[in-house]
Amino acid sequence: MFSSLLAASLLSLALSASAFPEYRSLAGLSAAEVRAVARTFTSTPGAQPLPPAINDTSSKLVYDDAHPWEPLRPGDIRGPCPGLNTLASHGYLDRSGVATPGEIITAVQEGFNMGFDLAAFVTYAAFIVDGNHLTNLMSIGQKTPETGPDAPAPATIGGLNTHGAFEGDASTTRDDFALGSNFLFNETLFDQLSQAAIDFGSNGTLDINSAAVHRHNRILDSMARNPNFTFVIPRYLTAYAETTFPLAMFVSNQTSDSSMTLNLDDARSFFQNHKYPDNFFRRNGSYGNDEVGTLITEVFELFPDILPGNNEGAGNYVLDPNDPGFNGDGTCYAYYKQTNFTLSLYPDPTDELRTALQQNLATFYITLGDPTCEEVFPFGQ
Ligand code: HEM
Ligand SMILES: *[C@@H]1O[C@H](CO)[C@@H](O)[C@H](O)[C@H]1NC(C)=O
Ligand SMILES: *[C@@H]1O[C@H](CO)[C@@H](O)[C@H](O)[C@H]1NC(C)=O
Ligand SMILES: *[C@@H]1O[C@H](CO)[C@@H](O)[C@H](O)[C@H]1NC(C)=O
Ligand SMILES: *[C@@H]1O[C@H](CO)[C@@H](O)[C@H](O)[C@H]1NC(C)=O
Ligand SMILES: *[C@@H]1O[C@H](CO)[C@@H](O)[C@H](O)[C@H]1NC(C)=O
Ligand SMILES: *[C@@H]1O[C@H](CO)[C@@H](O)[C@H](O)[C@H]1NC(C)=O
Ligand SMILES: *[C@@H]1O[C@H](CO)[C@@H](O)[C@H](O)[C@H]1NC(C)=O
């Protein structure tokens, strides 16, 4: 009783970062707590610059001896993204599931050959709303004290599971937040993906055509059953992007034009088990903004009838006239939307937190590349 209380209070001390000096005994803490404390020893480095892009984007064996798959230890976190889950389970990301944005950007390039531009944009769109600006850590799943001390409410620092910040509805194999688990693998939904591949795919494998069918079905299902279905930027863009990711990055030895198809055993290995298939080679050539744009267009044009909007009650989908979707500058709209959301989470930050927010928003703007929109400075310059 006492020892667990003591462990809990040591942990909360530890989590106020510098209050827990490195020389202090870790006796009484669980393995997960020790890992949490070890992570917070690095204290509060604040915002960090983007890492460099990898230069060699050729195909190579990524399920190698240095990156064995390992089962979860108590306390390890996984979330809604099968890409990041797999990278953590092979050690390309910290196996705890808590990582910095720089570590994520490097890992998705190394392990999957996602392009630097796409990786940086996606990671920062999520990090600014789901991550910890002071410790520079984010959970790839549930909220955890392992990211360090929280900023005051309304900041959430909830990790990628947080609904409505970056994660959203009509996912490939995860349920809508309002209907069930928005981060756990769902067999019913995977079976629907498989059925689409069998009925409409390429000899029983997932291709563009069958992936587009499943994308469309998932949206129609959410429209019909989820009274709170929300399908606006950024989710509108990420929903189509996530439909292309398995085709582009889960196929061993995939070519630069992503023309090979995905067999369902390999799909399950990633979606359910967070595991590369044996002898997995990453794609040849990176999958960046140009490539994802091409593939999203192919997916969207098969069912071009869905525009951004949200349900006001099940079956009552109302369009959002302000949201450009794919008919305008969705990237800039996403920049303003995520920036505004960040400001709503941090209405009045001070000191190091304000500085880190300034810097991370400046980095997010850099990830847009050469945008047509002006930079904004809600936390000052
Ligand atoms: C660059 C950093 C990345 C971040 C921050 C990220 C984050 C996320 C998040 C939050 C979701 C849940 C979306 C939702 O359901 O609303 C998701 C889904 C998904 N991601 Fe990632 N992701 C990243 C990179 C990747 C990579 C490299 C791959 C593939 C190699 C990938 C494949 C997928 C797939 C297939 C889904 C759909 C999951 C499902 O519903 O079954 N992601 N990602
Ligand atoms: C890639 O090459 C550039 C230019 O030579 C260099 O600055 C950068 O550090 C390299 N990236 C990595 C990851 O080594
Ligand atoms: C309903 O949608 C809003 C907007 O995305 C979101 O903030 C909220 O968490 C959702 N609630 C449920 C129960 O889905
Ligand atoms: C999986 O998703 C389906 C469809 O939304 C839902 O009916 C079912 O309850 C979910 N299964 C689990 C185990 O959550
Ligand atoms: C179709 O798949 C089966 C096994 O799944 C395989 O034996 C056959 O060679 C494939 N046909 C083509 C045309 O790829
Ligand atoms: C991928 O390509 C490499 C090198 O060409 C080859 O050795 C390997 O067997 C291929 N892997 C798969 C799964 O096709
Ligand atoms: C990878 O792509 C490069 C550049 O397009 C090409 O020269 C090379 O032959 C490809 N390698 C493989 C293994 O397909
Ligand atoms: C962001 O907030 C500004 C100021 O309130 C507003 O004018 C703008 O429309 C918002 N943009 C988006 C995309 O939400």
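Hey, what does the equivalent ellipsoid look like for region 44-367, semi-axes from the Cα gyration tensor as sqrt of 5 times each eigenvalue, largest first, whole Å?
Each semi-axis is the square root of five times an eigenvalue, giving 28, 25, 18 Å.
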**Asked** Given DSSP loops and a limit of at most 15 other Cβ atoms within 10 Å, what is the longest stretch of the chain that contains no such trypsin sites (Lys or Arg not before Pro)?
**Response** 61-381
**Prompt:** Where the centroid of each part is defined by its Cα atoms, how far is region 107-161 from region 203-220 in Å?
**Reply:** 29
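Full extension from residue 316 to residue 156: what is 0.36 nm times the residue separation minus their Cα-Cα distance, to one decimal in nm? Present the calculation step by step, with values, prior to reporting the outcome.
Values: separation 160, 0.36 × 160 = 57.60 nm, distance 3.00 nm.
The span from residue 316 to residue 156 would gain 54.6 nm if fully extended.
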**Message:** Once R0 is set to 22 Å, what does the formula 1/(1 + (r/R0)^6) return for the Cβ-Cβ distance between residue 273 and residue 60, expressed as a FRET efficiency to the nearest 0.05?
**Reply:** 0.50
**Complete:** Under a Gaussian network model of the chain whose springs join Cα atoms within less than 10 Å, the largest fluctuation of 293, 148, 111 belongs to 293
**Fill in**
Cβ-Cβ cut-off under 14 Å around residue 257, Lys and Arg +1, Asp and Glu -1: the net charge is -3
**Request:** Taking DSSP loops as anything outside H, G, I, E and B, show the longest stretch in the chain free of GluC sites (Glu not before Pro) there with at most 10 other beta carbons within 10 Å.
**Result:** 23-373
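Quick check: residue separation of residue 179 and residue 350 times 0.36 nm, minus the Cα distance between them. What number comes out in nm?
Numbers: separation 171, 0.36 × 171 = 61.56 nm, distance 3.80 nm.
Working it through step by step, the gained length comes to 57.8 nm.
Each value in this text was obtained by applying a stated rule to the coordinates, not by laboratory testing. Treat the numbers as computed from the prediction; the structure is a model and nothing was measured. Cβ coordinates were reconstructed from backbone atoms using ideal geometry, including for glycine residues, and neighbour counts include every protein chain displayed.
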